[in-house]
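Note sheet for the following structure.
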Amino acid sequence: MIIESFPVGKLQCNCSIISCPETGEAAVIDPGGDPEKILEYAKEHKLTIKYLLHTHAHFDHIMGSRAVKEATGAKICINKGDQWLYDNLQQQVKLFGFTATEPLPVDHYLEDEEQVKVGNISASVIHTPGHTPGSTCFCLQGKDSVLFSGDTLFQHSIGRTDLWGGSFDDIIKSISNRLMTLDDSTKVVPGHGPDTDIWSERKGNPFLN
C-alpha cells in the first residue's frame, strides 16, 4: 500500500492518493482542487484511478472531481446524505467569491461499513455525520492502520458544525462511537492541517474531554 497526501485547492484541502503497488490501481480521497497535480502524480507512477472518494461534499473537497473524472473515468463516490450539498456547488462557491464548473453526476453512493477495494487494498467506509449529514471517513486497517477523517476530526480539534447541515451533537457522537473505538496507533489524516493519531486525540482533544 502506498499513500501520498498533499494540499490542493484554494482552501488547501488534504488530498490523498492510495494505491496498490501490485496492480497499479488507485483511489483519490478528496480531490478538492488542482486536478493537474493529481493527474500528474498518477501518470508519473503509472496508476489507474478507479474511485474518487469524498469525505463530504463541501466545495473545497470536490472542486477537482470533474476534471479527474473526465480524464480517468474514475467513479465519483459520496454518501447520499450529502447529495444536496454536491448539487449546490455553485451556491457554495458564491459565498466565498469563487467560481466552479457544474459537478458531474455521482456514480456510487457510499454505504456505512462498505468495503471499497483498490487492487489488493480494502478501505472501510465509516459514516460519521456531524460536519455534514453525509460526512464519511475511510479506514485502511492492517499493521499500520490509517484513517482519512475528512473534516470530522482534526489534530486536537473537530470539524465546524455551524455550516449547512452541521450538528455538534452528531459529530461528537460520531467521533466517540465510531472513531475513538479504533486502535490507538491508527494514524489520522484529516481534511486540513497536520496528521495526528487516535491515541493523541483520545488523550488530548479538548472537545472529547
Sorting 194, 39, 73 by the position of each Cα along the dipole of the chain (Lys, Arg +1; Asp, Glu -1; all at Cβ), the one nearest the positive end of that ordering is 39
Long-range amide H partners of residue 23 with built H, under 5 Å:
120
Taking the Cα atoms of the chain, what is the range of coordinates along each of the three principal axes, in descending order and whole Å?
45, 42, 27
Ranking request for peptides 22-30, 52-60: highest mean number of other beta-carbon atoms within 10 Å first, then the rest in descending order.
52-60, 22-30
As a check on your grasp of the helix formula, calculate [θ] at 222 nm for the chain: sum -39500 (n - 2.57) over DSSP H runs of n ≥ 4, divide by the residue count, round to the nearest 500.
-5500 deg cm²/dmol
Amide H within-cut-off set for residue 15, under 5 Å, with H built and near neighbours excluded:
6, 8
Calculated FRET efficiency, residue 107 and residue 164, Cβ-Cβ r, R0 25 Å, to nearest 0.05?
0.60
Karplus-derived HN-Hα couplings along segment 31-45 (A = 6.51, B = -1.76, C = 1.60, θ = phi - 60°), whole Hz, x at Gly and Pro:
x, x, x, 6, x, 5, 5, 5, 5, 5, 4, 4, 5, 4, 9
What list of ³J(HN,Hα) values in whole Hz, one per residue of segment 13-20 in order, does the Karplus curve 6.51 cos²θ - 1.76 cosθ + 1.60 (θ = phi - 60°) give from phi, with Gly and Pro shown as x?
5, 6, 9, 10, 10, 9, 9, 9
Under a 5 Å amide H to amide H cut-off, with H placed in plane at 1.01 Å, what residues pair with residue 188 once short-range neighbours are removed?
147, 196, 197, 198
Reachable lysines from residue 94, criterion Cα separation under 20 angstrom, eight or more residues apart if same chain
10
Going residue by residue through segment 176-183, the Karplus relation 6.51 cos²θ - 1.76 cosθ + 1.60 with θ = phi - 60° gives ³J(HN,Hα) values, rounded to whole Hz and with x marking Gly or Pro, of 5, 8, 10, 9, 6, 8, 6, 4
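Every number in this text was worked out from the coordinates using simple rules, so none of it is lab data. Everything numeric here is computed off the predicted structure, so don't read it as measured data. Ideal geometry is used to build each Cβ from the backbone, glycine not excepted, and the neighbour counts take in all protein chains shown.
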